[in-house]
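Structure, as structure tokens:
The values are calculated or read from the model by the stated rules, or taken from the named source; none is laboratory data. The structure presented is a predicted model; accordingly, all values stated were derived computationally and were not measured. Neighbour counts run over all protein chains shown; Cβ positions are idealised from the backbone, glycine included. Protein only, heavy atoms only, side chains kept; ligands, DNA and RNA dropped before computing areas. Shrake-Rupley method; radii C 1.70, N 1.55, O 1.52, S 1.80 Å.
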Amino acid sequence: MSSKRPVLGWWMWGLVAFAVVVALSLAVTAPADVTLGIAEHQAAATAARVDEIHAQWHAGGVRPLAIFAMIGDLVFIAIYGWGSWLAGRSFMAMGGIVRIIGAGVAAAAVVFVLTDYTETLLQLVQLLRDQGSDQLAGIAATARPVKVAAWIVTFLGVIAAWIIRRFAAPTA
């Protein structure tokens with residue numbers, strides 16, 4: 001990765017995938033009688049809460065959409081995680097403060113992928129079984145804040161490194 005240009009293509013496609021997943025997640029709560037969405041499922045730390053959410057999804061007819069949204073989330077994680085890793089590594093090759101930010105982005109990308117896959121797969125297992133599990137829900141809910149923090153680091157880190165590189169680069 002000795003290129004002087006950052007590798008941002010996969011990261012940007014990851015943002016597109018993120019927008020699609022957010023739209024799918026919001027669609028789950030589109031019916032008036034469905035007030036509990038994917039975010040509540042992610043935060044549900046008990047089987048009882050997961051079962052409450054599943055019951056509402058059944059009643060609202062959005063369970064298939066929720067399954068589709070979670071599968072979409074798995075695709076997003078791969079694209080965005082890979083893109084963040086590549087972007088971080090490409091910034092690492094540039095030196096200076098951008099190199100340090102790039103290392104942080106690459107490390108956060110690994111943490112993001114591990115924690116978001118853990119969270120989403122455990123959610124999907126409960127949804128496909130149509131039964132909450134205290135253990136699975138607890139692990140997923142515990143992974144959530146770590147995933148969110150890692151995503152923020154990758155997102156802001158790539159933007160910060162790009163801005164620094166863009167405006168601090170000497171003109172030839």
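For a quick check of your reading of the model, give me the residue pairs whose first member lies in region 1-24 and is closer than 12 Å to Asp73 by Cα and part of a helix (DSSP H, G or I), whose second is of a type in the set (A, V, I, L, M) and modelled with pLDDT under 95, with beta-carbon atoms closer than 7 Å and at least 6 apart or on different chains.
none
Hey, could you check region 121-172 for residues that are of a type in the set (S, T, N, Q) and closer than 30 Å to Ile101 by Cβ and say which is surrounded by the most Cβ atoms within 10 Å (Cβ to Cβ)? Can you show your working first?
Of the residues in region 121-172, the ones of a type in the set (S, T, N, Q) are 123, 126, 131, 133, 135, 142, 154, 171.
Those left that are additionally closer than 30 Å to Ile101 by Cβ: 142, 154, 171.
Details: Thr142: 13, Thr154: 29, Thr171: 3.
Residue satisfying both the conditions and the ranking: Thr154.
If you check Ala27 against the conditions, is it surrounded by 15 or more Cβ atoms within 10 Å (Cβ to Cβ), free of Cβ contacts under 8 Å to residues at least 60 places away in the same chain and part of a helix (DSSP H, G or I)?
yes
If we scan region 133-147, do we find a residue that is over 30 Å from Val28 (Cβ atoms), assigned to a loop (DSSP other than H, G, I, E, B) and more than 17 Å from the chain's Cα centre (by Cα)?
Within region 133-147, none of the residues are over 30 Å from Val28 (Cβ atoms), assigned to a loop (DSSP other than H, G, I, E, B) and more than 17 Å from the chain's Cα centre (by Cα).
I'd like to know if region 80-87 contains one or more residues that are touching a residue at least 24 places away in the same chain (Cβ under 8 Å), closer than 14 Å to Ala27 by Cα and open to solvent by less than 20 Å² (accessible area, probe 1.4 Å).
Applying the first criterion (touching a residue at least 24 places away in the same chain (Cβ under 8 Å)) to region 80-87 yields 80-87.
With the extra rule that they be closer than 14 Å to Ala27 by Cα, the set shrinks to none.
No: zero hits.
Among (1) under 21 Å from Ala137 (Cβ atoms); (2) in a helix (DSSP H, G or I), where does Ala45 come up short?
(2) is the only condition that Ala45 fails.
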